[in-house]
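The next block holds one structure in the form of C-alpha cells; read it before the comments.
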Amino acid sequence: MSTTKIGWIGLGNMGIPMAEQLIKAEYPVTVYNRSEGKASQLMEMGARVADSPQGLASETDVIIIMVADDQAIEAVFEAENGLLKAALKGKIIINMSTVSPAISKKMAAICAAQNAHYLDAPVSGSVKQAETGQLVIMVGGDQSAFEEVKPILDRLGKLSKWVGETGAGNQAKLAINSLLALYTQGLAETILFANEKGIKSADLLDLIGNAAIGNVFTKIKGEAILNDQYKAAFALKHIVKDLRLAKDEGISTPLAKTALKTFEDAESTYGEEDLVAIFKALK
Ligand code: NAP
C-alpha cells in the first residue's frame, strides 16, 4: 500500500470512478463532496469521508479536485471550511476539473504563497475511460511537482503529459473540447441529413465505423443516438461552459462561434442530458 495520503474532492459522474481507481491501487483515500450521500460506494471500498475541504486537507498529502466549474473551485478553496483554512504547506493540489486558465493562475498563486503546489490537470475522456483508468491528462504548473504525482495520475489515465506553466493544461483542454463540440454537432447533422435522404442511422453508422472517419467517439455516441440513450456521461451544460471559456480565451473562428450558439440554444431544454442530445435539439 502507498503511504501518500490522497484527498478527493468532487464525487460527480467523473469523480466517483476516478477516486475508485486510486482506492483499487491501494492508496489511502479520503473523500469530500458538497452534497451528502454520494460517498457510500467508495466507503464500502475503504475510503474515509471528510466533512469539509479543510478537514480533508488536514489529513492528506495530495489533494485532487474534480468539480463542475470555476464557481465550484472558488467554493472549494474559499468557503468557510474551504481548503485555504487548512495548513497547505508542502501539499500538492491537483485540479482536474475543466475550468478557466484564469482561476488556475489565481489559485496557483495563493497556493505558492503557502509553499504548496497547484497543478491544473484536466482530462479528456468520459465516464467509460474514467472507469478503466484510460483518461488522457494534460498538466500545467511546476514540472517537478508533476513528476512527483505522475504515478498517481498514471493510475487514472493512459497518458499524463506536462504541457507548460500554470493554465496550460486548461488551455489544451479548451482546445480539445472545442473539437469535441464540433465533432458532436457534425455527427448529429450528418445523421440527420442522411435520414432525410432515406438512409437508416444504423446503416450510416456502420459505414462511418468502417471508414477512415470512424473512431471510438462515433461508435459510442452513434450507439447512444441509435438507442435513444441520452443520460449524461458528459452533460450538455458542461460543453456550453467549456465553449464559453474557450470564447473568453479568444477563440473566434467560424465553427467555434456556430457550435457555441447551437449548444447554448439547446441548453435550457437538454442541459442535464448528454451532449449528444444536440441530435434531438437539431431534429
Ligand atoms: P458532475 O457530474 O456535474 O459533478 C459535478 C461535481 O461538482 C459534483 O461533485 C458537485 O457536487 C460538484 N460541485 C458543483 N458545484 C459545486 C460547488 N459550488 N461547490 C462544491 N462542489 C460543487 O460533473 P462531471 O461530469 O463529474 O465533471 C466534472 C468536471 O470534469 C467538469 O469540469 C467537467 O467539465 C469535466 N469533465 C467531464 C467529463 C465527462 O465526460 N463527464 C469529461 C471530461 C471532463 P454536488 O454533488 O454537491 O452537486
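Of all residues in segment 217-238, those being open to solvent by 50 Å² or more (accessible area, probe 1.4 Å) and over 18 Å from the mean Cα position of the chain (by Cα) number 6. Would you check which residues across segment 183-213 are outside any helix (DSSP H, G or I) and either open to solvent by 90 Å² or more (accessible area, probe 1.4 Å) or closer than 30 Å to ILE16 by Cβ (or both) and list them? Selection gives LYS197, LYS200, ALA212, ILE213.
Among residues of segment 171-200 that are on the phi > 0 side of the Ramachandran plot, none has a beta-carbon under 9 Å from a residue that is of a type outside the set (S, T, N, Q) and more than 16 Å from the ligand (Cβ to nearest atom) at least six positions away or on a different chain. The residue list ALA281, ALA266, ALA232, ALA246 contains one member that is touching a helix residue (DSSP H, G or I) at 6+ places or on another chain (Cβ under 7 Å), small (Gly, Ala, Ser) and either closer than 27 Å to SER104 by Cα or in a loop (DSSP other than H, G, I, E, B) (or both), which is ALA246. Mind checking whether some residue in segment 31-42 is without any contact (Cβ under 8 Å) to a residue 60 or more places away in the chain, touching a helix residue (DSSP H, G or I) at 6+ places or on another chain (Cβ under 8 Å) and part of a strand (DSSP E or B)? The answer is yes; a qualifying residue exists.
When residues of segment 87-99 are filtered for being open to solvent by less than 10 Å² (accessible area, probe 1.4 Å), more than 18 Å from ASP154 (Cβ to Cβ) and out of contact with any Phe, Trp or Tyr (no Cβ under 8 Å at 6 or more places or on another chain), how many remain? Final tally of qualifying residues: 3.
Against the test of being among the hydrophobic types (A, V, I, L, M, F, W, C), farther than 30 Å from LEU260 by Cβ and either in the same structural domain as VAL29 (by TED's automatic domain parsing) or in contact with a Cys (Cβ under 8 Å, 6 or more places away or on another chain) (or both), the options ALA116, ALA202 yield a single qualifying residue, ALA116. For LYS128, are the conditions met, namely being modelled with pLDDT under 95 and outside any loop (DSSP other than H, G, I, E, B)? Yes. So is ALA109 surrounded by fewer than 22 Cβ atoms within 10 Å (Cβ to Cβ), within 18 Å of the chain's Cα centre (by Cα) and aliphatic (A, V, I, L, M) or not? It is false that ALA109 is surrounded by fewer than 22 Cβ atoms within 10 Å (Cβ to Cβ), within 18 Å of the chain's Cα centre (by Cα) and aliphatic (A, V, I, L, M). Residues in segment 131-165 that are closer than 22 Å to PHE234 by Cβ and in a helix (DSSP H, G or I) were compared, and the one that is most open to solvent (accessible area, probe 1.4 Å) is ARG155. The condition (being more than 14 Å from the ligand (Cβ to nearest atom) and open to solvent by less than 70 Å² (accessible area, probe 1.4 Å)) is satisfied by just one residue among ILE23, ILE16: ILE23. Among the residues of segment 47-55, is there at least one that is farther than 24 Å from LYS237 by Cβ and part of a strand (DSSP E or B)? Yes, there is a match, as at least one residue in segment 47-55 is farther than 24 Å from LYS237 by Cβ and part of a strand (DSSP E or B).
Considering (1) touching a strand residue (DSSP E or B) at 6+ places or on another chain (Cβ under 6 Å); (2) within 13 Å of the ligand (Cβ to nearest atom), the lone condition that ARG48 does not fulfil carries the number (2). Condition check for GLN71 on (1) more than 10 Å from the ligand (Cβ to nearest atom); (2) open to solvent by 70 Å² or more (accessible area, probe 1.4 Å): one failure, at (1).
The values are calculated or read from the model by the stated rules, or taken from the named source; none is laboratory data. Just so you know, these numbers come straight off a predicted model, no measurement behind them. Cβ sites come from the backbone with ideal geometry, for glycine too, and all protein chains shown count toward neighbours. Ligands, DNA and RNA are excluded from the accessible area calculation, which covers all protein heavy atoms including side chains. Shrake-Rupley method; radii C 1.70, N 1.55, O 1.52, S 1.80 Å.
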